[in-house]
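K.L.:
Submitted below is the structure of interest, expressed as structure tokens.
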Amino acid sequence: MSASETSVALFKRLVPRPVKSAVRRAYERRTLADALHHLTRLPEGEAPSRTLLDDLQRGWANHGMAARTDYLAEVCRQAALTTGPILECGSGLTTLLLGLIAGRRGIDTWTLEHLPEWHQALAETLARHRIPRVHLCLTPLRSFGDFSWYDPPLDEMPERFNLVVCDGPPSDTSGGRYGVLPLLHDRITAKTVLLLDDAERPTEAEVLRRWHAERPMATSIKETPSGTYALAVVNG
Ligand SMILES: C[S@@+](CC[C@H](N)C(=O)[O-])C[C@H]1O[C@@H](n2cnc3c(N)ncnc32)[C@H](O)[C@@H]1O
């Protein structure tokens with residue numbers, strides 16, 4: 001072991017756990033702030049690099065729950081292309097990206113979140129980084145018969161969504177992510193793009209099967225090095 005490795009090992013052994021956690025959190029915050037700042041400096045339309053997306057994930061530090069790199073890249077692509085409002089189901093790192101990329105272009109994102117503490121953390125992060133045009137809605141999950149879903153503030157929401165980013169509710173919810181189509185039926189119209197993360201899982205495959213049975217849509221399944229997602233375009 002080199003002298004510097006010995007010092008690091010000694011530091012790890014001597015420093016109390018709460019101090020180590022505080023140092024780690026400070027490092028993550030700094031990494032996230034730098035990566036978000038970098039993102040705001042990209043010329044409009046320029047896609048973030050994988051390195052930048054990896055930095056965002058490291059700074060966000062919600063391993064196993066946050067969107068993976070290739071899906072994040074697709075969210076960024078769609079946020080740069082969309083010409084109308086975005087609906088996001090389930091909040092997190094993607095919310096920050098949608099606000100920074102689409103919000104800068106004057107496009108609103110409506111995000112549904114059911115966990116009060118997660119909603120609070122997201123609201124603080126959006127404010128701290130001055131991320132524009134995100135309407136973060138705390139909505140409980142509610143039973144709608146054979147499925148449960150968010151209870152969205154429909155009266156306040158736009159009449160049409162051009163892009164829907166589906167990363168919630170969690171897969172142990174009855175019906176999983178299915179509910180967006182029946183509940184937002186009239187606001188999801190021809191050419192609305194639906195992104196569904198985790199399409200390799202049986203619950204998401206079942207969601208796609210139900211969506212297809214109800215609405216004509218052209219769906220591509222994107223198998224990527226970091227996971228599988230679906231991109232569907234509604235036909236009518
Ligand atoms: C898959 S996550 C959404 C991920 C988001 N698109 C992102 O990129 O970070 C879906 C939901 O899981 C919940 N969630 C996220 N992180 C969590 C955590 N660390 N522990 C428990 N629930 C979490 C939140 O309610 C969130 O809306």
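The values are calculated or read from the model by the stated rules, or taken from the named source; none is laboratory data. All of these numbers come straight from a predicted model, not from anything done at the bench. A quick note on method: Cβ atoms are made from the backbone with ideal geometry, for glycine too, and the neighbour counts reach across all protein chains shown. In case anyone asks, the SASA skips ligands and DNA or RNA and just uses the protein heavy atoms, side chains included. Shrake-Rupley method; radii C 1.70, N 1.55, O 1.52, S 1.80 Å.
K.L.:
Between Arg30 and Arg142, what FRET efficiency comes out of the Förster formula 1/(1 + (r/R0)^6) with R0 = 41 Å and r the beta carbon distance, rounded to 0.05? All intermediate terms of the calculation are to be shown ahead of the outcome.
P.N.:
Details: r = 39 Å, r/R0 = 0.95.
The calculated FRET efficiency here is 0.55.
K.L.:
Here's a follow-up. Restricting to DSSP loop positions (anything but H, G, I, E, B) with no more than 12 other Cβ atoms inside 10 Å of their own Cβ, which GluC sites (Glu not before Pro) remain in the stretch 33-74?
P.N.:
Glu44, Glu46
K.L.:
Let me ask you something else. For Ser220 and Val8, calculate 0.36 nm times their separation in residues minus their Cα-Cα distance, and state this gained length in nm to one decimal.
P.N.:
Between Ser220 and Val8, full extension yields an extra 71.6 nm.
K.L.:
What does the C-alpha gyration tensor say about the overall shape of the stretch 1-142? Classify as rounded when a/c is under 1.5, otherwise prolate if a/b is larger than b/c, or oblate.
P.N.:
Values: a/c = 2.63, a/b = 1.68, b/c = 1.56.
Judged from the Cα gyration tensor, the stretch 1-142 comes out prolate (a/c at least 1.5, a/b above b/c).
K.L.:
How about Lys12: which lysines have a C-alpha closer than 28 Å to its C-alpha, ignoring those fewer than 8 places off in the same chain?
P.N.:
Lys20
K.L.:
Taking a ≥ b ≥ c as the square roots of the Cα gyration tensor eigenvalues, with a/c under 1.5 meaning rounded and otherwise prolate when a/b beats b/c, else oblate, which class fits the stretch 86-236? Present the calculation step by step, with values, prior to reporting the outcome.
P.N.:
Numbers: a/c = 1.42, a/b = 1.33, b/c = 1.06.
Judged from the Cα gyration tensor, the stretch 86-236 comes out rounded (a/c under 1.5).
K.L.:
Further question: Under the rule a/c < 1.5 gives rounded, and otherwise a/b versus b/c splits prolate from oblate, where does the stretch 82-160 land using the Cα gyration tensor?
P.N.:
On the way: a/c = 2.41, a/b = 1.36, b/c = 1.77.
Oblate, because a/c is 1.5 or more while a/b does not exceed b/c.
K.L.:
Pairs of Cα atoms under 8 Å, at least six residues apart: use those to get the relative contact order of the stretch 147-236, whole percent. Show your work: numbers first, answer last.
P.N.:
Details: 151 pairs, mean separation 26.1, N = 90.
Result for the stretch 147-236 is 29 percent.
K.L.:
Please tell me the relative contact order of the stretch 34-129 in percent, rounded to the nearest whole number, where contacts are Cα pairs under 8 Å and at least six residues apart.
P.N.:
Numbers: 92 pairs, mean separation 23.8, N = 96.
The value is 25 percent.
K.L.:
Once R0 is set to 35 Å, what does the formula 1/(1 + (r/R0)^6) return for the Cβ-Cβ distance between His37 and Arg209, expressed as a FRET efficiency to the nearest 0.05? Numbers along the way, then the final one.
P.N.:
Working: r = 42 Å, r/R0 = 1.20.
About 0.25, to the nearest 0.05.
K.L.:
Please compute the per residue accessible area over the stretch 1-92 with all protein chains in place, 1.4 Å probe, rounded to a whole number of Å².
P.N.:
Working: 5640 Å² over 92 residues.
Value for the stretch 1-92: 61 Å² per residue.
K.L.:
For the chain, with all protein chains present and a 1.4 Å probe, just round the carbon and sulfur fraction of the accessible area to a whole percent. Intermediate values should be presented prior to the final figure.
P.N.:
Working: 6470 of 12000 Å².
After summing per-atom areas, the C and S share lands at 54 percent.
K.L.:
Ok, one more. How far is it, in nm, from the label point at Ala123 to the one at Met65 when both lie 7 Å from their Cα along the line to the Cβ?
P.N.:
Using points 7 Å along Cα→Cβ, the separation is 1.7 nm.
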